[in-house]
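A.B. asks: Take this structure first; my questions come after.
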Amino acid sequence: MYKVATFLVKCFWGKPEDMADALGVLILTWNQALYRYDPPDFDELSKCIADNMNKINHFRQREITTFSASDETSTQELFERFLDALKTKKSGRKSSWYTIRTHQRPSKKRSFRKLHLACECVEKEKPIYSWVLTSALRHDSPRFRTLLKRIHGKIGDVCADKANSCRENTQLVKDMGGRPFLMPRKNASTKVKGHQAWREMMEFKELHSEEFKRRYHKRSNSESTNSSFKGKYGEFLSSRKWRGQKREAGLKVIVYNARLLVRNRIRQEVEIWD
């Protein structure tokens with residue numbers, strides 16, 4: 001879809017209304033969950049393109065390597081203008097989590113839940129092995145241990161980002177027979193503090209930096225799983241009560257895994273016949 005949208009924008013360059021329709025091909029595909037009920041306001045998007053056409057042309061003619069600190073204010077204004085233009089048509093709603101992450105509207109009441117997932121990162125099919133639904137204010141690191149303890153069977157490389165990187169987590173991975181690749185924070189030390197697995201991981205990172213990064217970046221597959229999950233079943237929970245929300249999230253995970261199981265079975269059958 002990205003190639004199609006790029007081609008259409010190039011064909012209709014200089015015509016704001018047609019450019020907005022061309023961008024819609026990409027927007028409605030990548031942000032399907034956000035625009036599930038309310039479409040974006042294409043009239044507002046068209047107006048935004050027309051009002052900022054000079055700036056867009058200016059940056060389009062330049063190489064990314066020429067970007068400097070003097071361009072930051074202009075690009076930020078442009079980004080915020082397009083962000084406002086992409087609100088949904090009826091409600092003007094943007095993702096709550098997105099607005100908080102980008103510090104647009106710091107919210108004291110976070111009306112969203114966090115779904116923590118542990119999934120496959122090597123094989124072609126990437127099922128979800130365990131999951132935990134928590135409130136918005138729960139930290140990731142303790143949930144990592146909960147997810148890992150719910151996995152039965154042999155585990156290999158375990159990859160996680162800085163939010164899950166701590167001595168207790170690395171030791172648990174080693175005790176369960178796995179190999180931890182948890183990206184440490186910049187100020188992390190190699191002190192053991194009763195967890196030898198932490199020092200082993202830090203020493204491996206220092207001596208074999210490229211290999212550590214290569215194996216750690218398998219974690220990006222979890223982002224693909226997360227995107228696929230939300231794209232298929234939406235990023236919203238319909239249930240109002242906490243118990244119902246947990247059940248709803250759990251059923252979505254079960255259906256997601258069942259779908260992968262069926263797809264894997266079909267692929268095996270095709271390979272056998274080939």
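A.B. asks: Which is without any contact (Cβ under 8 Å) to a residue 40 or more places away in the chain and of a type in the set (Lys, Arg), of Arg215, Arg265, Arg219?
C.D. replies: Arg265
A.B. asks: Let me ask you something else. I want to confirm something. Restricting to segment 163-182 and keeping residues that are at pLDDT 90 or above and aliphatic (A, V, I, L, M), which single residue is surrounded by the most Cβ atoms within 10 Å (Cβ to Cβ)?
C.D. replies: Out of the qualifying residues, it is Leu182.
A.B. asks: Among Trp242, Trp198, which is in the same structural domain as Val132 (by TED's automatic domain parsing), surrounded by fewer than 16 Cβ atoms within 10 Å (Cβ to Cβ) and among the aromatic types (Phe, Trp, Tyr)?
C.D. replies: Trp242
A.B. asks: Kindly list the number of the only condition in (1) outside any helix (DSSP H, G or I); (2) over 21 Å from the mean Cα position of the chain (by Cα) that fails for Arg185.
C.D. replies: (2)
A.B. asks: Pairs under 6 Å by beta carbon, first residue on the phi < 0 side of the Ramachandran plot in segment 230-245, partner assigned to a loop (DSSP other than H, G, I, E, B) and surrounded by 12 or more Cβ atoms within 10 Å (Cβ to Cβ), six or more apart or different chains?
C.D. replies: Correct list of pairs: Lys230/Ala33; Gly231/Gln32; Glu235/Ala33; Gln245/Leu237; Gln245/Ser239.
A.B. asks: Only one of Arg265, Arg199, Arg219 is part of a helix (DSSP H, G or I) and more than 25 Å from Cys159 (Cα to Cα); which?
C.D. replies: Within the list Arg265, Arg199, Arg219, the selection yields Arg265.
One line per residue, one yes/no per condition, for (1) in contact with a Lys or Arg (Cβ under 7 Å, 6 or more places away or on another chain); (2) over 20 Å from Pro142 (Cα atoms); (3) acidic (Asp, Glu):
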{"position": "Arg185", "(1), (2), (3)": "yes, no, no"}
{"position": "Glu203", "(1), (2), (3)": "no, yes, yes"}
{"position": "His217", "(1), (2), (3)": "no, yes, no"}
{"position": "Ser222", "(1), (2), (3)": "no, no, no"}
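A.B. asks: Among the residues in segment 215-230, are any more than 20 Å from Phe144 (Cα to Cα), of a type in the set (Phe, Trp, Tyr) and buried (at least 16 other Cβ atoms within 10 Å of the Cβ)?
C.D. replies: no
The values are calculated or read from the model by the stated rules, or taken from the named source; none is laboratory data. Source: prediction; values computed, not measured. All Cβ positions, glycine included, derive from the backbone under ideal geometry; neighbour counts span all protein chains shown.
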